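Here the structure is laid out as structure tokens; the discussion comes afterwards.
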Amino acid sequence: MCGIIGYIGEKETVPILIDGLKRMEYRGYDSAGLAVIEEEGLICEKTVGKITDLEALLKKRKFLSTVGIAHTRWATHGEPSDFNAHPHIDCKGEIAVVHNGIIENYMALRELLERKGHKFRTQTDTEVLAHLIEEYYQGDLAEATRVALTQVEGTYGIAVLCLHNPDQIVAARKGSPLVIGKGMGEQIVASDIAALIRYTNQVVYLEDGELAVITREGFTISTTEKVEIPPKFQEISWSLDMIEKGGYPHFMLKEIFEQPTTLRNAIRGRLNEEEGTARLNGLRLYYDDLPHIRRIIFTACGTSWHAALAGEYMIEDLVHTPVEVEYASEFRYRSPIIDEGTVVFVISQSGETADTLAAMREAKRKGATTLGICNVVGSTIARETDAGVYIHAGPEIGVASTKAFTSQLMVLGLITLMLGRMRDLSAEQGREIVKAIKRIPDQVERILNKDKEVKKIASAFAHSNNFLYLGRSYNFPVALEGALKLKEISYVHAEGYPAAEMKHGPIALIDKNMPVVVIAIKDSVYDKVLSNIEEVKARKGVVIAIATEGDERIKRMVDHIFYVPKTMEFLTPLLTVIPLQLLAYHIAVLRGCHVDQPRNLAKSVTVE
Ligand code: G6P
């Protein structure tokens, strides 16, 4: 979803802005643009399409500017078009604004400004910001921006540039992330650290309601009420290598293959074999309260929601605490009951998803303790939850989440172990679990080594237009996740279902053209799943089974089989999802789809 970058320093700004935009491409966008200050004035270039289209546009002249702002847009108000792309400029073409978020009262503001004589050129909500700042501008860009923002309802992360203030960029945030990186004689502001990590690892995250005046020498931060805020610097540990492809054709494939490493990172230093438990430092302040949790609510969106669902099975099974799993977008608008002893776990890879953030704030308003499970360090959810656990998966660039999902599952497994040991699990059971957890990264590696087998299955089904994914118990969330992966990147219709529920509808779809992916591992529901396979076969469905190594019986029943190693039942999703990620990846490649930036999707959905 939309990306912002602004640069001020000694170097030529255009290549830096373009590089920053490219590093945010993974977020999903439909148009791109930039504004810089050149000798002859403020130059704004923008176009629908890819960043390479913008680069082509920029070739027509030479740029020397050392200050500028740029943007990748993901349309909300107004179709993707050259006009609607950011930056947006005021009537005189002297003020340029890039914006992430949504201005909810833009219609009223637009009418007001039009009555005052402002001429609008686009259908966007953002354009009102450029005109509003123009309306209040009397030589001080920061002051004009501050006053303009008092009129605005909605969410924003903005960067503003003005021809008459060529030595500054003004940035402000409410609801959409912005981070400022400090370099030597240069500063970069961006909505995503991937855009600035090449230049600095010293960053400050703007908080909601803060405005920054950024110059070549540094920056000052104050609230919209003009209270100065001392910057809180953080050091970013992600390296440039981590956000590059490392020889893989796509980020998604790189991230799938990184999973043995990311899973090792998720458990590093967190397991205590002797006591058969896990230790999660991020939750240490709550250790005394954890045994008294009476009810857990998980809230999340997308893939993170699937991880939450698996978490529900884990915790109810091994901790015996009631769990509910809520779509964040639903949770925030109903009247969720939060009583004493309810803890809300907020799961988000990015830590910026608008609905998840709002659900977290709603839970806090109702008095719940909120605990985060996030990947991006310093993200809004990570900062605003009472405490939390990082999954340490490193930057996830592919829009379809893979390594973050397995790391979320792993952290949920660790939380389950820790809570279980505070309740009924014995030390012996705990030690068994620790051993099983430690084996997982190697087992994932073994599965990845058989990628060719998955590729073969993928080529047999690359042209199928409908898929059904079935699983039961712990592997029902995996069926949902497998179907989601396929939909997201190959645009093939796929449905995930609890295997037995198939009888109540989807069975009507089954015929010889319908591949049915069944997760049929040797667990407590194995025999039940075999019956479901029989039901599919009786309707001439084609079955692709994910089964447990050594299971010869199932081999005779299905058309294609992929074996995964044996582990404890609650950890099986960590293994069974890997072939499904690979299957989706290979089908998408075979169908010629844009794997890392699938159409219409955004990596981080920062609007509701
Ligand atoms: C978007 C992404 C998904 C992700 C979901 C939730 O839809 O495309 O991959 O699962 O948002 O994102 P979060 O960052 O909160 O986990």
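The values are calculated or read from the model by the stated rules, or taken from the named source; none is laboratory data. All of these numbers come straight from a predicted model, not from anything done at the bench. Positions of Cβ are generated from backbone atoms using ideal geometry, with glycine treated the same way; all protein chains shown enter the neighbour counts.
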Complete set of residues in the range 576-608 that are within 11 Å of Arg27 (Cα to Cα) and of a type in the set (S, T, N, Q) = Gln597, Asn600, Ser604, Thr606
From the list Glu258, Glu228, which residue is of a type outside the set (Val, Ile, Thr) and surrounded by fewer than 20 Cβ atoms within 10 Å (Cβ to Cβ)?
-> Glu228
Leading residue by the ranking (nearest to the ligand (Cβ to nearest atom)) among those in the range 302-317 that are aliphatic (A, V, I, L, M) and surrounded by 23 or more Cβ atoms within 10 Å (Cβ to Cβ) = Ala307
Number of the exception - Arg216 against (1) more than 14 Å from Val67 (Cβ to Cβ); (2) touching an Asp or Glu at 6+ places or on another chain (Cβ under 7 Å); (3) not in a strand (DSSP E or B) = (1)
Out of the residues in the range 188-200 that are among the hydrophobic types (A, V, I, L, M, F, W, C) and outside any strand (DSSP E or B), state the one that is farthest from Tyr29 (Cα to Cα).
-> Ile197
Gly367 vs. criteria buried (at least 21 other Cβ atoms within 10 Å of the Cβ), assigned to a loop (DSSP other than H, G, I, E, B) and without any contact (Cβ under 8 Å) to a residue 60 or more places away in the chain = no
The lone condition Met502 fails out of (1) farther than 19 Å from Val478 by Cα; (2) surrounded by 14 or more Cβ atoms within 10 Å (Cβ to Cβ); (3) at pLDDT below 95 is (1)
Scope the range 267-301; condition touching a residue at least 12 places away in the same chain (Cβ under 8 Å) and among the small types (Gly, Ala, Ser); matching residues = Gly276, Ala278, Gly282, Ala300
Can you tell me which residue within the range 266-282, out of those that are away from the ligand (no atom under 16 Å from the Cβ) and surrounded by 19 or more Cβ atoms within 10 Å (Cβ to Cβ), is nearest to Ile578 (Cα to Cα)?
-> Ile267
For Ala358, are the conditions met, namely being within 11 Å of the ligand (Cβ to nearest atom), more than 21 Å from Phe570 (Cα to Cα) and surrounded by fewer than 24 Cβ atoms within 10 Å (Cβ to Cβ)?
-> no
Across the range 49-78, the tally of residues that are surrounded by 15 or more Cβ atoms within 10 Å (Cβ to Cβ), of a type in the set (A, V, I, L, M, F, W, C) and either free of Cβ contacts under 8 Å to residues at least 60 places away in the same chain or not in a strand (DSSP E or B) (or both) stands at 7
Tell me, yes or no, whether the range 166-176 has at least one residue that is in contact with a helix residue (DSSP H, G or I) (Cβ under 6 Å, 6 or more places away or on another chain) and more than 13 Å from Val97 (Cβ to Cβ).
-> no
Any residue in the range 592-608 that's without any contact (Cβ under 8 Å) to a residue 40 or more places away in the chain: show its pairings with residues that are of a type in the set (S, T, N, Q) and within 12 Å of the ligand (Cβ to nearest atom) at Cβ separation under 6 Å, as long as the two are six or more apart or on different chains.
-> none
Pull up the range 426-462, narrow it to residues that are more than 27 Å from the chain's Cα centre (by Cα) and under 22 Å from Lys537 (Cβ atoms), then point me to the one that is surrounded by the most Cβ atoms within 10 Å (Cβ to Cβ).
-> Ile457
Subset tally (residues that are among the basic types (Lys, Arg) and farther than 22 Å from Gln597 by Cα) for the range 236-273 | 3
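For (1) modelled with pLDDT of 95 or more; (2) aliphatic (A, V, I, L, M); (3) in a loop (DSSP other than H, G, I, E, B), each residue gets a yes or a no:
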residue: Asn513; (1), (2), (3): no, no, yes
residue: Val517; (1), (2), (3): yes, yes, no
residue: Lys522; (1), (2), (3): yes, no, yes
residue: Asp527; (1), (2), (3): no, no, no
residue: Val536; (1), (2), (3): no, yes, no
residue: Asp551; (1), (2), (3): yes, no, yes
Considering the range 398-413, residues that are out of contact with any Asp or Glu (no Cβ under 7 Å at 6 or more places or on another chain) and either over 25 Å from Arg361 (Cβ atoms) or assigned to a helix (DSSP H, G or I) (or both), and then whichever is nearest to the ligand (Cβ to nearest atom), we arrive at Gln408
Those residues of the range 1-22 that are within 22 Å of the chain's Cα centre (by Cα), crowded, with 24+ Cβ neighbours inside 10 Å and not in a strand (DSSP E or B) come to a total of 4
Which residue pairs have Cβ atoms closer than 6 Å, lie 6 or more positions apart in sequence or on different chains, and pair a first residue in the range 374-394 that is closer than 17 Å to Ile197 by Cα and free of Cβ contacts under 8 Å to residues at least 40 places away in the same chain with a second residue that is within 11 Å of the ligand (Cβ to nearest atom) and of a type in the set (Asp, Glu)?
-> none
Evaluate the following for Arg334: is it away from the ligand (no atom under 11 Å from the Cβ) and more than 23 Å from Asn201 (Cβ to Cβ)?
-> yes
In the list Lys603, Lys566, which residue meets the criterion of being farther than 26 Å from Glu244 by Cβ, out of contact with any Pro (no Cβ under 7 Å at 6 or more places or on another chain), assigned to a loop (DSSP other than H, G, I, E, B) and among the basic types (Lys, Arg)?
-> Lys566
Positions within the range 556-608 being among the acidic types (Asp, Glu) and within 13 Å of the ligand (Cβ to nearest atom), in sequence order = Asp596, Glu608
Selection from the range 115-133 of residues surrounded by fewer than 20 Cβ atoms within 10 Å (Cβ to Cβ) and either under 16 Å from Ile103 (Cα atoms) or in contact with a helix residue (DSSP H, G or I) (Cβ under 9 Å, 6 or more places away or on another chain) (or both) yields Lys116, His118, Lys119, Phe120, Arg121, Thr122, Gln123
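Restricting the range 537-587 to residues that are more than 28 Å from the chain's Cα centre (by Cα) and among the acidic types (Asp, Glu), which is surrounded by the most Cβ atoms within 10 Å (Cβ to Cβ)?
Here is the first cut: in the range 537-587, the residues more than 28 Å from the chain's Cα centre (by Cα) are 537-545, 547-563, 565-568.
Adding the requirement that they be among the acidic types (Asp, Glu) leaves 549, 551-552, 559.
On the way: Glu549: 12, Asp551: 16, Glu552: 7, Asp559: 14.
Out of the qualifying residues, it is Asp551.
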